[in-house]
1. Using the heavy atoms of the protein chains alone and a 1.4 angstrom probe, what is the accessible area of segment 154-260 per residue in square angstrom?
2. Please list 266-272, 156-162, 134-140 highest first by mean number of surrounding beta-carbon atoms within 10 Å per residue.
3. LYS190: which lysines have alpha carbons under 17 Å from its alpha carbon, excluding same-chain residues fewer than 8 sequence positions away?
4. With the crude spin-label approximation of a point 7 Å out along Cα→Cβ, what separation in nm comes out for ASP145 versus TYR75?
5. Report, for the chain, the % of DSSP beta bridges that are antiparallel, rounded to 5.
6. TYR125 to GLU3: extension gain in nm, 0.36 nm per residue of separation minus the Cα-Cα distance?
7. Residues with amide H under 5 Å of VAL168's amide H, sequence separation 5 or more or different chain, H placed in the peptide plane at 1.01 Å from N; which?
8. Does segment 8-122 classify as rounded, prolate or oblate by the C-alpha gyration tensor (a ≥ b ≥ c root eigenvalues; a/c under 1.5 gives rounded; else a/b over b/c gives prolate, otherwise oblate)?
Amino acid sequence: MKEDPWDNTNTAEWERQEVIGYFLLELEELIQDIVVKKPKAVGVSVHGSNRTLAKAFVKELRSRMPEITIVVGGYDCVYYEIGPYLFPDFDYMVIGEAEMTLEPLVKALAINEKPKDLTGIVSPYDSPDRKWVVPPLLEDLDSIDFPKYEWTNLMLYRTYNNNHFVPVAASRGCRWSRCRFCAECFPFRKRSPQKVTDEIEFMVSKGFYKFHFNESDVNGDPKNLYDICSEIIRKGLKVSLMGQLRIDKRNTREYFEHLARTGFVHLRFGVDGWSDNVLRLQRKGYTMKLVLENLRNCYKAGIVVTVNMVLGVPGETEDDVSEMIENLVQCKDYIAIEGINTLILAAGSEYYKHPDEYKIRFRGDKDEIYRNHPYYIPTELWYSEDPYIDQEVRIKRLDKICTKLYEQKVDIGSFAARVVENLKNNEKTIS
Ligand code: SF4
C-alpha cells in the first residue's frame with residue numbers, strides 16, 4: 001500500500017481488491033464471533049475509506065447469517081438522497097447525527113420488530129409513499145458523554161507512522177455555512193469548555209497528548225475556543241493541538257498568542273479563495289486584507305500556518321489566477337499550502353442546488369445527470385460559462401499556480417504536490 005493509505009489523496013487504495021481481500025481476512029475472527037453470539041443487529045459506520053471493505057464485510061456476514069439486521073451510519077450517510085446510493089446494502093440507514101433518532105430503532109430491534117418510517121432513518125421496509133422529514137439535531141451537545149473507547153485498546157488508533165492524534169470535537173456544524181462550494185453547511189452547536197477539557201484531560205490520563213480538533217468550524221464561537229484554551233491552561237494539561245480555523249476579524253495576534261500558550265502548534269485556514277473577486281464568488285465573507293492579517297498574526301504567535309485553496313469556481317478569471325499567485329507569494333514566509341482542490345460539484349452545495357444561477361451547464365440532460373450522479377457530478381459532465389471553465393481549464397490553472405509557486409519558493413507541501421500529480425494522472429480525488 002501507499003506509505004500513508006489514510007491520506008486524502010490515497011482513497012483509491014481502499015478500493016483495490018487486494019487490499020479488501022487482506023482486511024476481510026483480518027475481519028474473519030470478528031465475523032466468526034458475531035456468528036457465534038447471534039446479535040439481533042450489527043451496526044457499521046461507513047465512509048469513503050472503508051466503504052468497499054464494509055460492503056464486503058456485510059455481504060460475508062449476510063451469507064452466514066441471512067437473518068441479521070444491518071444498521072449503517074457515519075459520514076456516507078449524511079444526506080438522505082446520497083447515503084443509499086453510496087451504500088445500498090442495509091436494513092436501516094441512520095441519516096446524519098443519530099442521538100435524537102436511534103433509540104426507537106434499537107428498542108424495536110431488541111424486541112424483534114422490523115420498524116418502518118422512523119424519523120431520520122431510511123429502510124427498505126419504509127412505505128413507498130413515505131415523505132422524508134429532516135430529522136431533529138441535538139442542540140445541547142453537553143448532554144452526551146464523550147467517547148472513552150472502553151471497548152478496545154486505544155493504542156490501536158494510530159496514524160501510519162505510529163503517531164496518535166486524538167480527534168476531539170468542540171462543536172458541530174459551521175456558523176457561517178454559506179460558502180457556495182461547500183457540502184458541510186450544518187447548523188453550528190458547541191460544547192462547553194468544561195466538557196471539552198474533561199475529555200482532553202481523560203485522554204491525557206491515558207497517555208495521549210496530541211489532539212486534533214476535528215470539526216468544520218473550530219472558531220465558530222471564538223470566545224468559546226478562547227475559554228477552552230483558558231481551561232486547558234488552568235488544568236495544567238501539557239498538550240499539542242491542531243485544527244482548522246476560519247478567517248475572522250477577531251483573530252488578533254493576542255488571540256493566537258493565547259492559543260499558542262495552550263499548545264496549539266499548527267493551524268490550518270481554509271482560505272479557499274485567494275483574490276478578492278474569488279472570495280466574493282465563493283461567498284467566503286472576508287477580504288484578502290483580513291486573510292493576510294490573520295495569517296501573519298497566527299505566524300507571529302509562533303504557530304505553524306497552513307492554508308487551502310479551492311480553484312476554478314464559476315466566474316473565476318485568468319486575472320484572478322495571477323492575483324492569487326501574487327497573494328500567495330506575498331505571504332510565502334509564513335505559510336505552507338496544504339491542499340489545492342479543483343472545484344467538485346458536490347451534492348448539498350449551493351452550486352449543485354442552483355447551477356443556473358452560476359451559469360453552470362451540463363453535457364447532456366441535467367435531470368438524468370442528477371439522477372445518475374446523486375453524490376457529485378463528474379467533471380466531464382459540466383462546465384461553467386463567462387468565462388468558460390471546465391476541468392481542463394482548472395488543471396491548466398492548477399499547473400500554472402504550482403509552477404509559479406515552485407519558482408517563487410512557496411512551500412506547496414507534500415499534500416498539494418500529490419494532488420497535482422494525481423490530477424495530472426486523471427485519478428479521482430473524491431472519496
Ligand atoms: S467551507 Fe468551511 S466555512 Fe465555508 S461553509 Fe463550509 S465549513 Fe463553513
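1. Details: 4990 Å² over 107 residues.
Solvent-accessible surface per residue comes out at 47 Å².
2. Working: 266-272: 21.9, 156-162: 10.0, 134-140: 13.0.
Packing order, densest peptide first, comes out as 266-272, 134-140, 156-162.
3. LYS223
4. 2.6 nm
5. Working: 10 of 41 bridges.
If we restrict to bridges inside the chain, about 25 percent are antiparallel.
6. Details: separation 122, 0.36 × 122 = 43.92 nm, distance 4.28 nm.
Gain in length upon complete extension: 39.6 nm.
7. HIS212, PHE213, ASN214
8. Details: a/c = 2.44, a/b = 1.22, b/c = 2.00.
Taking the square roots of the gyration eigenvalues as a ≥ b ≥ c, segment 8-122 is oblate.
The values are calculated or read from the model by the stated rules, or taken from the named source; none is laboratory data. Being a predicted model, the structure only gives us computed values, none of them experimental. Ideal geometry is used to build each Cβ from the backbone, glycine not excepted, and the neighbour counts take in all protein chains shown. Each accessible area value is taken on the protein alone, full model and side chains, heavy atoms only, with ligands, DNA and RNA left out. Shrake-Rupley method; radii C 1.70, N 1.55, O 1.52, S 1.80 Å.
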